[in-house]
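See structure below.
The values are calculated or read from the model by the stated rules, or taken from the named source; none is laboratory data. On a predicted model such as this, the values are computed, not experimentally measured, just so you know. Here the Cβ positions follow ideal geometry from the backbone for every residue, glycine too, while neighbour counts run over all protein chains shown.
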Amino acid sequence: MAISVLIADDHGVLRAGLRALLNSEPEMEVVGEAADGEQTLRLAEELHPDVVLMDLNMPKGDGIYTTRHLKELLPEVNVLILTVHEDDSLLREAIQCGAAGYILKRAVESELITAIQAVARGEMYIHPAMTRALLDQSTAKTLPDQTHSSTLTVREYEVLRLIAQGNSNRQVASLLTISVRTVESHRANLMEKLNLTCRVDLVRYAAQHGMLEDWEPDMSGGRLN
């Protein structure tokens, strides 16, 4: 079944280019276009797309405002921010408002396709140039709060770090030389132990608890002390 996409951008020429690109993909279909925030919310409610490709600079409700309200109305819809802004604070605000991804308009076409596919699967996608910004939030650069994370194995901790860095399950498996099924098992255990519900929650948790700064675990598979 094709991934349905709603394009939200106030530039008609850009929308036309995106529509042509996405409709050329056999597994994607542009189901609507919006030129402002109000129209985006209205069409999203009407069309229930899998992914909303959201610009940040739009009239009648910018991308941050529109994302926040869209996620309140339709939490199942995945929002991918597509913007020219390489701004750390905008990235963090977009993620906090519920966006599942953030990609720059200077990205190549294949990156955009990959990003849409990732967020449609419920995963998070951050443009490589912006990944560090998500990890550099104002959190302690120490081991995380032990109330939940003390129960994690070292392997689960490493899987969490790699997921938060934007790696797919397949990439994590390759980096750790384990199977994709094993990664999925670790991810499920992480969700249960940390009381989280999705990949985006894992990324937020890791960033908020300083798990990704200046710490290299011993890959022995034991528990954290």
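The residues of the range 174-185 that are assigned to a helix (DSSP H, G or I) and either more than 19 Å from the chain's Cα centre (by Cα) or not assigned by TED's automatic domain parsing to the domain that holds Glu158 (or both), listed by number, are Ser174, Leu175, Leu176, Val180, Arg181, Thr182, Ser185. Within the range 70-107, the set of residues being more than 20 Å from Ala129 (Cα to Cα), out of contact with any Ser or Thr (no Cβ under 9 Å at 6 or more places or on another chain) and not charged (D, E, K, R) comprises Leu73, Leu74, Pro75, Val77, Asn78.
Against the definition (within 24 Å of Thr197 (Cβ to Cβ), part of a helix (DSSP H, G or I) and of a type in the set (A, V, I, L, M, F, W, C)), how does Leu70 come out, yes or no? Considered against the rule, which asks whether it is within 24 Å of Thr197 (Cβ to Cβ), part of a helix (DSSP H, G or I) and of a type in the set (A, V, I, L, M, F, W, C), Leu70 comes out as yes.
Just checking, which of Leu14, Leu70, Leu56 is under 26 Å from Asp88 (Cα atoms) and touching a Gly at 6+ places or on another chain (Cβ under 6 Å)?
Working: Leu14 fails: touching a Gly at 6+ places or on another chain (Cβ under 6 Å); Leu70 fails: touching a Gly at 6+ places or on another chain (Cβ under 6 Å).
Checking each option against the conditions leaves just Leu56.
Scanning the range 1-13 for residues that are over 16 Å from Gly63 (Cα atoms) and either surrounded by fewer than 19 Cβ atoms within 10 Å (Cβ to Cβ) or of a type in the set (S, T, N, Q) (or both) gives Met1, Ala2, Ser4, Gly12, Val13. If you go through the range 1-48 and keep only what is acidic (Asp, Glu) and part of a helix (DSSP H, G or I), you end up with Glu38, Glu45, Glu46.
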